[in-house]
1. Hand me the list of strands (runs of 3 or more DSSP E) wholly inside region 123-228 holding 2 or more residues that are of a type in the set (Val, Ile, Thr) and open to solvent by 30 Å² or more (accessible area, probe 1.4 Å).
2. Go through His101, His116 for me and flag whichever is in a helix (DSSP H, G or I), within 16 Å of ligand 2 (Cβ to nearest atom) and open to solvent by 30 Å² or more (accessible area, probe 1.4 Å).
3. Quick check on my filter: what residues within region 46-72 are within 11 Å of ligand 3 (Cβ to nearest atom), part of a loop (DSSP other than H, G, I, E, B) and not acidic (Asp, Glu)?
4. Looking at region 31-60, I want the residues that are among the charged types (D, E, K, R) and have a partner that is open to solvent by 40 Å² or more (accessible area, probe 1.4 Å) with Cβ atoms under 8 Å, at least 6 apart or on another chain. Which pairs are those?
5. Select from region 79-98 the residues that are outside any loop (DSSP other than H, G, I, E, B), farther than 15 Å from Leu31 by Cα and among the aliphatic types (A, V, I, L, M) and list them in ascending order.
6. Filtering region 35-71 down to residues that are near ligand 1 (Cβ under 7 Å from one of its atoms) and open to solvent by less than 10 Å² (accessible area, probe 1.4 Å), which residue is farthest from Thr128 (Cα to Cα)?
Amino acid sequence: MWRSMEMSIYEIWNEVDLYMNDKLIQPDPILDEVLKANQEAELPAIDVSPSQGKFLHLLASLKGAKRILEIGTLGGYSTIWLARALPKDGQLITLELSAHHAEVARANLKRAGVNHLVEVIVGPGLDTLAVLKDRGTDPFDLIFIDADKPNNPNYLKWALELSKRGSLIICDNVVRQGHVVNSESEDENVKGIRQFMNALAQEKRISATAIQTVGSKGYDGFIVGIVE
Ligand code: SAH
Ligand code: DHB
Ligand code: MG
């Protein structure tokens, strides 16, 4: 029953998110199992939402991405959405600080049948990015930044280093219930996002826009940019 007068704005966003997912996203027992496995392993429930995961998937498909870099794996929920857009000879490298998160993610990637396309690398993202560069890794077509927010300005530098003309750079959680506009925030996450935004504002090599999102994760958003 539609009872919007009795619902908070958050409840309405959630209801609409569920409605849209019901219409637009096929039932997916594997992704359900993944979220259950994450919960059982006591991972924080901060994965992208289903509609956001599908959005990432569509962007990767539109781009025809063959090589994807993700910074911040958690249980691999967003990883699976992205990896499913890869061609047979595609590759996704995902970076995760926590060995426990990585172990859960590897099992989930196997469950989803994308493990042969994905390399999960454990360690502080900044260290691993330097290793990837030393390895002479080929540039990535799509880079998804979704790890420790205080390092976002550093991840932006690395994204430029490891991309090429036409690559997509996407960053999660740039709105944070609106706190992004609070210049006096003492929250290290908000400060990280604001430093990232300031760097992006100065960055002539990236053309970007913000996608504000509402839904099951409240009010948040993505930056989507293209390397020029
Ligand atoms: N992309 C995931 C969610 C990632 S949550 C999804 O949507 O499904 C953020 C992850 O970043 C956590 O698993 C956390 O352990 C990891 N993280 C935190 N600090 C990090 C660092 N310095 N390097 C790499 N990963 C880090
Ligand atoms: C947090 C991190 C995320 O990547 C996210 O999507 C939501 C919340 C967090 O650290 O609180
Ligand atoms: Mg996130």
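The values are calculated or read from the model by the stated rules, or taken from the named source; none is laboratory data. Please read these numbers as outputs of a predicted model, since none were measured by experiment. Reconstructed Cβ throughout: ideal geometry from the backbone, glycine too, with neighbour counts over all protein chains shown. For the accessible areas, the whole protein counts, side chains as well, though only heavy atoms, and no ligand, DNA or RNA atoms are used. Shrake-Rupley method; radii C 1.70, N 1.55, O 1.52, S 1.80 Å.
1. In region 123-228, 206-215 are the strands (runs of 3 or more DSSP E) which contain 2 or more residues that are of a type in the set (Val, Ile, Thr) and open to solvent by 30 Å² or more (accessible area, probe 1.4 Å).
2. His101
3. Ile46, Val48, Ser49, Gly72
4. As it stands, the answer is Glu33/Arg111; Asp47/Leu35; Lys54/Leu24, since those pairs meet every condition given.
5. Leu92, Ile93, Leu95
6. Val48
Table: residues versus (1) touching an Asp or Glu at 6+ places or on another chain (Cβ under 9 Å); (2) closer than 24 Å to Lys217 by Cα; (3) polar (S, T, N, Q); (4) within 16 Å of ligand 3 (Cβ to nearest atom).
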residue	(1), (2), (3), (4)
Gly123	yes, no, no, no
Gly136	no, no, no, no
Asp146	yes, yes, no, yes
Asn152	no, yes, yes, yes
Ala159	no, no, no, yes
Ser167	yes, no, yes, no
Arg176	yes, yes, no, yes
Glu186	no, yes, no, no
